[in-house]
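Undergrad: Quick one: the structure is below, questions incoming.
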Amino acid sequence: MSAEPHDHAPVLASRRTLEDLVRNKKVLVMTGPGGVGKTSSAAALAVGAALMGIRTCVVTIDPAKRLADALGIENIGNEPVQIDAFGSGDLYAVMLDADATFDDLVVKYAKSPEQASKILANRVYQNLTKNLSGIQEYMAMEKLYELHNDSRFDLMVVDTPPSSNALDFLDAPRRLIGFLDNKVFRLIMNPGPAILRPVSFAARAVLRTISKVVGSEVVDEAVAFFQDFEGMEEGFRMRAESVQALMRNDATAFIVVTAPRGDTVKEAASFGEKLAGFGFQVAGLISNRHTPDFDTGTRNEELPTVLSSRELEVLEQNLTRMEQLRISESKEVDWIVGLLAPARLVKVPMLAKDISNIEDLAKMARSLI
Ligand SMILES: Nc1ncnc2c1ncn2[C@@H]1O[C@H](COP(=O)(O)OP(=O)(O)OP(=O)(O)O)[C@@H](O)[C@H]1O
Ligand SMILES: [Mg+2]
């Protein structure tokens, strides 16, 4: 945490509700610690926006099966499909396919169809999306970039992947470019025509050592991959810069999602600060799964007639405990507001069950907007 929390105060001058954001921003990115409800919040916010008549596309990443079912996207590919949200034609959803998104990029930046096919067939390339950390994150941003100018949508709501380190996606473009620019392979491959490129004596020694460790087949394919990729890094680099620029654009805002638990709030807070420090606009805070307010102030007069006095006592105790929990959860999370001002905090109650249909999403949306 910085000594002066407002050093990197986000661009917005006044506190804005999530309704403000869905009306006025073009891109909203849900971020935050693992398992707090980023995917659900993204889907719910998109449903809420669509119900307001805002043409919205939500990009979700690896959603729980029930949520994918709720959105009707379980078996769809990498393209947005229209979702029936209470008869509104304004909701689209896409489930990110990181492999297919990367393939599209390769085809886009390859100098020829042959170059693209060679890369796509290379096993080192095929394993990249599984093994190169941050690639999912990058592809989510990439998909967003691809779709943000789509005239079908006024608003994109983007989920970020489950990740042990929520900042991975910020670093992903740099990591990808760094990998494609791989210095070791640049050393191994001499400049010259790609097809008959001789491998220098010194490089052979390096290759022999690597082969011993990872197997010569892998090295051959890796060399082939980097040779085939040659000339495309620049396209990728420029694209990554455009994606970064979109993330910093005034029409893009980040929403930090957290749960009202000490450690999770701390993680979310430090994440929000870092985002702001990187020049991203943190404009919203969602604290999800709060103990609901059971309105302990009012009493149902009929209860004493249907419950025994012992049952009533237990009910009272439970309600008191819930109320204490609700107050302590609020205390856990409220301090984050001062830190990430002017982002406004929205508290979402825990629903009675897991989110499994569009009605559940609409219910969550009513707490958000
Ligand atoms: N307000 C809520 N009430 C009840 N259940 C909720 C609520 N919000 C989320 N859930 C449930 O919590 C689980 C986790 O939510 P979700 O998948 O949206 O989290 P996430 O932050 O996207 O997780 P990950 O980091 O793994 O991607 C899901 O089963 C979802 O249905
Ligand atoms: Mg998720």
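Undergrad: Evaluate segment 128-151: report whether one residue or more is within 16 Å of ligand 2 (Cβ to nearest atom), more than 21 Å from residue 237 (Cβ to Cβ), not aliphatic (A, V, I, L, M) and not in a helix (DSSP H, G or I).
TA: No, segment 128-151 contains no residue that is within 16 Å of ligand 2 (Cβ to nearest atom), more than 21 Å from residue 237 (Cβ to Cβ), not aliphatic (A, V, I, L, M) and not in a helix (DSSP H, G or I).
Undergrad: For segment 20-125, which strands (runs of 3 or more DSSP E) that fit wholly inside it have 1 or more residues that are modelled with pLDDT of 90 or more and of a type in the set (Asp, Glu)? Please lay out each step first, then the result.
TA: Numbers: elements: 27-31, 56-60, 81-85, 88-95.
Hits in segment 20-125: 88-95.
Undergrad: Report, by residue number, each residue of segment 174-197 that is farther than 19 Å from residue 119 by Cβ and either modelled with pLDDT of 70 or more or in contact with a helix residue (DSSP H, G or I) (Cβ under 7 Å, 6 or more places away or on another chain) (or both).
TA: Once the filter is applied, which keeps residues that are farther than 19 Å from residue 119 by Cβ and either modelled with pLDDT of 70 or more or in contact with a helix residue (DSSP H, G or I) (Cβ under 7 Å, 6 or more places away or on another chain) (or both), segment 174-197 yields 174, 187.
Undergrad: Quick one: would you say residue 79 is more than 16 Å from ligand 2 (Cβ to nearest atom) and under 18 Å from the mean Cα position of the chain (by Cα)? Before you say what the answer is, go through the steps one by one.
TA: Working: more than 16 Å from ligand 2 (Cβ to nearest atom): yes; under 18 Å from the mean Cα position of the chain (by Cα): yes.
Yes; evaluated as a whole, the condition is true for this residue.
Undergrad: Determine which member of the set 267, 311 is loosely packed, with under 14 Cβ neighbours inside 10 Å and assigned to a helix (DSSP H, G or I). Can you show your working first?
TA: Numbers: 267 fails: loosely packed, with under 14 Cβ neighbours inside 10 Å.
After ruling out the rest, the residue left standing is 311.
Undergrad: Could I ask something else about it? Quick one: is residue 108 basic (Lys, Arg) and within 16 Å of ligand 1 (Cβ to nearest atom)?
TA: Details: basic (Lys, Arg): yes; within 16 Å of ligand 1 (Cβ to nearest atom): no.
No; evaluated as a whole, the condition is false for this residue.
Undergrad: Could you tell me which of the residues 347, 363, 353 is assigned to a helix (DSSP H, G or I) and within 11 Å of ligand 1 (Cβ to nearest atom)? Give the derivation first.
TA: On the way: 347 fails: assigned to a helix (DSSP H, G or I); 353 fails: assigned to a helix (DSSP H, G or I).
Unique residue meeting the criteria: 363.
Undergrad: Please find, within segment 56-69, the residue that is nearest to ligand 2 (Cβ to nearest atom) out of those that are aliphatic (A, V, I, L, M) and within 27 Å of residue 24 (Cβ to Cβ). Working first, answer last.
TA: Taking segment 56-69 as the starting set, the residues that turn out to be aliphatic (A, V, I, L, M) are 58-59, 61, 64, 67-68.
In the following step, the residues that additionally are within 27 Å of residue 24 (Cβ to Cβ) were identified as 58-59, 61, 67.
Details: 58: 12, 59: 11, 61: 6, 67: 8 Å.
Ranking the candidates gives 61 first.
The values are calculated or read from the model by the stated rules, or taken from the named source; none is laboratory data. Being a predicted model, the structure only gives us computed values, none of them experimental. Here Cβ is always computed from backbone atoms with ideal geometry, including for glycine, and neighbour counts include all displayed protein chains.
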